[in-house]
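The values are calculated or read from the model by the stated rules, or taken from the named source; none is laboratory data. Since this is a predicted model, take the numbers as computed values, not measurements. So basically every Cβ, Gly included, is an ideal-geometry build from the backbone, and we count neighbours across all protein chains shown.
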There are 2 protein chains.
Amino acid sequence: MSGTRKATITDVARLAGVSTATAGRVLGGYGYSSSEKREKVLKAAEELGYRPNQLARSLITGRTRTIGFVAGDIQSPFYAKILRGVSDVAGDRDFGLLITNSDETVAEEMHAVRLLHEKQVDGMVVSPCDTLGADHLRAAAEAMPLVLIDREVAGLDVDTVGVDNVGAARGGVARLIAAGHRRIGMVAELLAGQPDGIAAFLDAVRGGTRPDPVALYPSWQRLLGYIDAHDAAGIAVDPGLIAQVGSYSAEAAEPQVLRLLDAPERPTALFTADGVMTAATMAAIGARGLSIPQDISLVGFDDLDWMSFVSPGIDAVAQPRRQLGKAAANMLIERIEGLEVAPRRLKLAARQVQRGSVRKQDGAG
Amino acid sequence: MSGTRKATITDVARLAGVSTATAGRVLGGYGYSSSEKREKVLKAAEELGYRPNQLARSLITGRTRTIGFVAGDIQSPFYAKILRGVSDVAGDRDFGLLITNSDETVAEEMHAVRLLHEKQVDGMVVSPCDTLGADHLRAAAEAMPLVLIDREVAGLDVDTVGVDNVGAARGGVARLIAAGHRRIGMVAELLAGQPDGIAAFLDAVRGGTRPDPVALYPSWQRLLGYIDAHDAAGIAVDPGLIAQVGSYSAEAAEPQVLRLLDAPERPTALFTADGVMTAATMAAIGARGLSIPQDISLVGFDDLDWMSFVSPGIDAVAQPRRQLGKAAANMLIERIEGLEVAPRRLKLAARQVQRGSVRKQDGAG
DNA sequence: ATGAAAGCGCTAACAT
DNA sequence: ATGTTAGCGCTTTCAT
């Protein structure tokens with residue numbers, strides 16, 4: 001509406017009485033320029049309200065100063081917090097941030113990666129939804145820097161950021177054991193990944209064929225921590241206490257938790273593998289009219305806002321989600337800016353938060 | 001690493017034995033092409049693994065098929081859910097989505113808008129952090145389609161999406177009144193916007209100078225609903241019951257709520273203006289060892305995950321956040337695709353959710 | 001229906 | 001230090 005069309009570098013050069021090359025050098029901040037010309041160019045640019053066309057620039061340089069993020073579901077507190085971390089760093093470094101959701105399906109993840117690729121992002125942060133068969137990620141990693149967050153992909157040798165899920169889960173369960181609990185239920189997604197299911201997984205661990213955590217999905221890693229904690233205390237793991245929900249959904253989880261609660265010999269404590277499972281567990285406990293911690297104790301993986309203001313507060317294994325996002329974005333941008341070192345596997349520390357949802361049982365140490 | 005560089009349309013044209021123009025027509029899906037040539041071109045493209053360079057395309061067409069979203073803070077459940085809605089639509093329509101945070105400051109909002117502008121988005125969805133003095137938004141609106149979400153800007157005539165905050169808040173407070181409550185505290189952000197503060201605002205409303213809701217920030221609109229509900233029931237509004245937190249922060253809100261709870265004549269119910277205030281209110285109620293709804297009733301604006309599984313459940317005024325995001329993105333893309341109609345002000349319906357946090361008082365109807 | 005040629009706005013050699 | 005000249009990869013006249 002403002003009458004004239006957007007000013008280009010040619011317009012600026014003409015008004016300043018210099019070549020477009022000189023104007024470009026001043027405006028783009030590359031090459032040499034005398035302060036005399038620089039002033040003229042700047043003045044002309046100011047006068048014309050010149051704004052560089054990043055598209056034209058990117059077409060030549062091949063860099064867009066934009067990164068992509070493939071989240072599972074951006075509206076979940078987990079990904080939302082990570083996104084904030086990624087966004088913080090992107091903003092600071094003056095990068096754009098393109099986001100997409102995979103809804104934890106490979107098909108959508110492929111679609112997302114393709115979109116980001118077509119938008120020519122300089123790199124991407126992905127929370128891969130499958131630890132295997134990620135050819136599209138392998139292809140992406142050949143075309144640009146790629147950082148994996150929360151999960152890893154077997155055989156894909158790129159930078160990764162996460163927490164030590166095995167150790168953090170072991171710590172959470174160990175607290176329950178230290179409080180005297182012997183029948184501890186676990187509520188976890190545990191989808192696919194392990195072809196032969198929980199029984200085989202337990203057998204393998206017991207038989208000394210310890211799976212390589214790198215190839216495991218987080219909830220399986222957390223199950224491993226649960227098993228480790230039991231082993232360390234000399235307590236046998238009862239497979240009947242492990243609820244394998246099979247999907248990242250509270251609707252699917254609640255009946256599984258109810259099954260645990262309704263069992264003849266009810267567990268005295270529950271350990272949940274992530275925020276969604278914890279929410280479903282709270283609902284199920286409420287539905288059965290049970291009280292925490294009198295009737296049942298609870299420790300949840302992932303710290304959520306409400307855990308601190310419900311009564312009692314809920315104990316949690318807190319992942320530094322925003323920091324995870326920041327770290328991933330920083331590693332990515334380092335790569336984009338040319339860093340060449342061997343792939344890094346960064347593990348940030350998780351924190352055990354105690355709030356009163358664990359009750360001491362008879363026989364506590 | 002794969003040996004050859006990325007195939008361009010020139011490579012495809014050469015291999016297919018046609019001109020780049022013809023190749024472009026086939027690959028870009030514009031203009032005419034015989035099925036004979038089309039086949040050849042497609043085959044060549046396939047063979048070379050051709051992927052169009054969107055940058056080059058955008059440079060010519062001036063369209064990037066990317067939209068931007070400026071949120072307050074993407075990690076809050078409110079914005080995260082809206083973002084998901086925006087992202088749903090963007091994904092469906094094959095648009096990229098660039099996101100930024102304003103942290104509710106004008107300076108960062110300007111920075112965000114500038115970034116999006118430079119990235120040449122085709123349009124943007126903004127949740128403006130100030131209802132006045134938004135010159136940067138006015139400028140943006142001249143350069144591209146702009147849709148405002150959750151809030152409006154006085155004098156900026158563009159599409160907007162939100163809920164009827166006045167009516168929805170009135171409904172929530174009316175339920176408390178119907179349950180017999182007469183001393184209802186309100187906890188709200190209520191930052192700036194109204195130069196002379198709450199007292200003057202109340203005077204104005206009472207004096208018949210009803211402010212135009214369009215020019216009000218949501219929490220002020222919700223206060224208006226609170227006042228309306230009182231007026232309709234013939235109950236005088238006690239300014240002492242209104243906690244003006246002044247910032248969108250739980251840390252700032254909690255002491256204010258404690259002040260209300262510690263007052264000589266404690267309110268029998270609280271109405272909170274958004275999720276952050278509700279969380280702070282829960283914490284304060286817990287800190288004083290009060291029980292909901294025995295000691296105090298509560299209705300919160302915005303429905304949050306945990307409200308359904310705490311005991312008792314918390315009553316809420318639920319905004320359809322994901323739908324808000326979807327609607328905003330749809331309106332935006334319609335504009336981008338050329339729709340020319342007068343600016344629309346879309347109001348989606350809020351829902352009153354009852355869960356048991358409101359107790360009937362003496363004198364209830 | 002197809003091709004030749006001219007750019008989109010900018011940067012990157014290459015001269016000078 | 002500055003200007004000239006080519007493009008980046010694609011779309012879009014304009015012929016034919």
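General remarks:
- First in the range B:20-36 and over 14 Å from B:I9 (Cα atoms), second anywhere and part of a helix (DSSP H, G or I) and near DNA strand C (Cβ under 6 Å from one of its atoms), Cβ under 7 Å, 6 or more apart: B:S33/B:T22
- Residue match in the range A:344-363 (condition: closer than 22 Å to B:M307 by Cβ, in contact (Cβ under 8 Å) with a residue 24 or more places away in the chain, touching a helix residue (DSSP H, G or I) at 6+ places or on another chain (Cβ under 9 Å) and polar (S, T, N, Q)): yes
- Residue ranges of strands (runs of 3 or more DSSP E) in the range A:254-365 with at least 3 members within 30 Å of A:P145 (Cα to Cα): A:345-348
- Of all residues in the range B:304-319 being touching a strand residue (DSSP E or B) at 6+ places or on another chain (Cβ under 8 Å) and within 13 Å of chain A (Cβ to nearest Cβ), the one that is farthest from B:V126 (Cα to Cα): B:I314
- Subset of the range B:85-100 [over 25 Å from A:R57 (Cα atoms) and surrounded by 24 or more Cβ atoms within 10 Å (Cβ to Cβ)]: B:G85, B:V86, B:S87, B:A90
- If the condition is being in a helix (DSSP H, G or I), within 10 Å of DNA strand D (Cβ to nearest atom), more than 9 Å from every other protein chain (Cβ to nearest Cβ) and of a type outside the set (D, E), then the range A:31-72 contributes A:S35, A:K37, A:R38, A:K40, A:V41, A:R57, A:I60, A:T61.
- Taken over the range B:90-102, the residue count meeting the criterion of being more than 10 Å from every other protein chain (Cβ to nearest Cβ) and assigned to a helix (DSSP H, G or I) is 1.
- Residues of the range A:258-279 classified as of a type in the set (V, I, T) and closer than 16 Å to A:P239 by Cα, total: 2
- Cβ-Cβ contacts under 8 Å between residues 6 or more apart (or on different chains), taken from a first residue in the range A:134-145 that is under 15 Å from A:V70 (Cα atoms) to a second residue that is charged (D, E, K, R), are listed as A:H136/A:E109; A:H136/A:R114; A:M144/A:D122; A:P145/A:D122; A:P145/A:D159; A:P145/A:R335.
- Test: B:L324 is within 14 Å of another protein chain (Cβ to nearest Cβ), surrounded by 21 or more Cβ atoms within 10 Å (Cβ to Cβ) and out of contact with any Gly (no Cβ under 7 Å at 6 or more places or on another chain): no
- Hey, B:S87 within 8 Å of another protein chain (Cβ to nearest Cβ), under 16 Å from the mean Cα position of the chain (by Cα) and over 24 Å from B:M277 (Cα atoms) or not: yes
- Checked against the criterion of being within 16 Å of B:I177 (Cα to Cα) and charged (D, E, K, R), the range B:306-322 has at least one qualifying residue.
- B:L270 meets each of the listed conditions (1) more than 20 Å from B:G72 (Cβ to Cβ); (2) modelled with pLDDT under 95 apart from (2).
- Flag if A:I314 is touching a helix residue (DSSP H, G or I) at 6+ places or on another chain (Cβ under 6 Å) and of a type outside the set (S, T, N, Q): yes
- Breaking point among (1) surrounded by 19 or more Cβ atoms within 10 Å (Cβ to Cβ); (2) farther than 18 Å from A:L55 by Cβ, for B:I67: (2)
- Residue in the range B:295-303 that is aliphatic (A, V, I, L, M) and at pLDDT below 95 present: no
- Comparison of B:L223, B:L190, B:L202, B:L176 shows that the only residue that is assigned to a helix (DSSP H, G or I) and in contact with a Ser or Thr (Cβ under 7 Å, 6 or more places away or on another chain) is B:L176.
- Residues of the range B:271-300 satisfying the condition of being more than 10 Å from chain A (Cβ to nearest Cβ), of a type in the set (A, V, I, L, M, F, W, C) and touching a helix residue (DSSP H, G or I) at 6+ places or on another chain (Cβ under 6 Å): B:F271, B:A273, B:M277, B:V299
- Filtered residues of the range A:5-24 (kept if of a type in the set (A, V, I, L, M), crowded, with 18+ Cβ neighbours inside 10 Å and near DNA strand D (Cβ under 7 Å from one of its atoms)): A:V18
Here's the yes/no breakdown for (1) within 12 Å of another protein chain (Cβ to nearest Cβ); (2) in a loop (DSSP other than H, G, I, E, B):
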| residue | (1), (2) |
| --- | --- |
| A:E104 | no, yes |
| A:A107 | no, no |
| A:A112 | yes, no |
| A:L115 | yes, no |
| A:V125 | no, no |
| A:G133 | no, yes |
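- Residue count, the range B:179-194 (criterion: under 16 Å from B:A229 (Cα atoms), buried (at least 23 other Cβ atoms within 10 Å of the Cβ) and charged (D, E, K, R)): 0
- Against the numbered list (1) of a type in the set (A, V, I, L, M); (2) in contact with a Phe, Trp or Tyr (Cβ under 9 Å, 6 or more places away or on another chain); (3) in contact (Cβ under 8 Å) with a residue 60 or more places away in the chain; (4) assigned to a loop (DSSP other than H, G, I, E, B), A:A169 comes up short only at (4).
- Count of the range B:73-84 residues, restricted to those that are among the hydrophobic types (A, V, I, L, M, F, W, C) and either more than 7 Å from chain A (Cβ to nearest Cβ) or assigned to a loop (DSSP other than H, G, I, E, B) (or both), is 3.
- Options B:I9, B:I82, B:I67; residue that is touching a residue at least 60 places away in the same chain (Cβ under 8 Å) and under 24 Å from A:R57 (Cβ atoms): B:I67
- Positions within the range B:262-287 being farther than 21 Å from B:L304 by Cβ and without any contact (Cβ under 8 Å) to a residue 40 or more places away in the chain, in sequence order: B:D262, B:A263, B:P264
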